[in-house]
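This report concerns only the one structure given below.
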Amino acid sequence: MMAREFRHALGDMLAAIEGIETAVAGKTLADYENDWLLKHAVQRAIEIISEASRALPEDVRDLRPEIPWPQVRTIGNVLRHEYHGLSDRIIWGVVVDELPALKMAVASLIATFKTP
């Protein structure tokens with residue numbers, strides 16, 4: 001069997017999620033709105049998650065159907081091309097409401113495809 005070349009993407013996704021968690025620990029939406037560096041770091045990490053998700057084959061994504069993979073894939077484009085209309089509240093909602101489930105799914109996939 002050929003090596004699963006997408007495993008690096010899962011690692012990149014997990015690292016970006018964990019980086020966001022560290023950056024926003026103890027922070028509020030107001031903190032996020034008023035901290036240029038935090039805002040841009042979180043947005044960049046979400047772009048990395050989005051881009052890395054594109055490397056996951058459909059059969060791998062299908063193992064975690066609770067994740068809205070099309071939205072994960074497209075949020076990077078929104079951040080890159082429609083950043084001027086992007087609400088801080090929407091991004092904060094992604095961080096608080098969506099990333100915990102994505103982290104669990106990615107960690108599960110990493111465990112599934114871990115080399116012995």
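If I filter region 69-87 for residues that are under 19 Å from Ala16 (Cα atoms), at pLDDT 95 or above and open to solvent by less than 40 Å² (accessible area, probe 1.4 Å), do I get at least one hit? Scanning region 69-87 turns up at least one residue that is under 19 Å from Ala16 (Cα atoms), at pLDDT 95 or above and open to solvent by less than 40 Å² (accessible area, probe 1.4 Å). Looking at Gly93, Gly76, Gly85, Gly26, just one residue is over 23 Å from Lys114 (Cβ atoms) and touching a Ser or Thr at 6+ places or on another chain (Cβ under 6 Å), and that residue is Gly76. Could you tell me whether Glu47 is more than 20 Å from Pro100 (Cβ to Cβ), of a type in the set (Asp, Glu) and either in contact with a helix residue (DSSP H, G or I) (Cβ under 7 Å, 6 or more places away or on another chain) or open to solvent by 40 Å² or more (accessible area, probe 1.4 Å) (or both)? Judged against the criteria, Glu47 is not a match. Tally time: how many residues in region 19-39 are open to solvent by less than 80 Å² (accessible area, probe 1.4 Å), of a type in the set (Val, Ile, Thr) and more than 12 Å from Ile91 (Cβ to Cβ)? Number of matching residues: 1.
Whenever a residue of region 62-86 is polar (S, T, N, Q), it has no partner that is surrounded by 12 or more Cβ atoms within 10 Å (Cβ to Cβ) lying with C-beta atoms less than 6 angstrom away and at least six residues away or across chains. For region 91-105, indicate whether the set of residues that are surrounded by 14 or more Cβ atoms within 10 Å (Cβ to Cβ) and over 13 Å from the mean Cα position of the chain (by Cα) is non-empty. No.
The values are calculated or read from the model by the stated rules, or taken from the named source; none is laboratory data. Keep in mind the model is a prediction, meaning the values are calculated, not measured. Neighbour counts are summed over all protein chains in view; Cβ atoms, including those assigned to glycine, are modelled from backbone coordinates with ideal geometry. Side chains included, ligands, DNA and RNA excluded: accessible areas come from the protein's heavy atoms. Shrake-Rupley method; radii C 1.70, N 1.55, O 1.52, S 1.80 Å.
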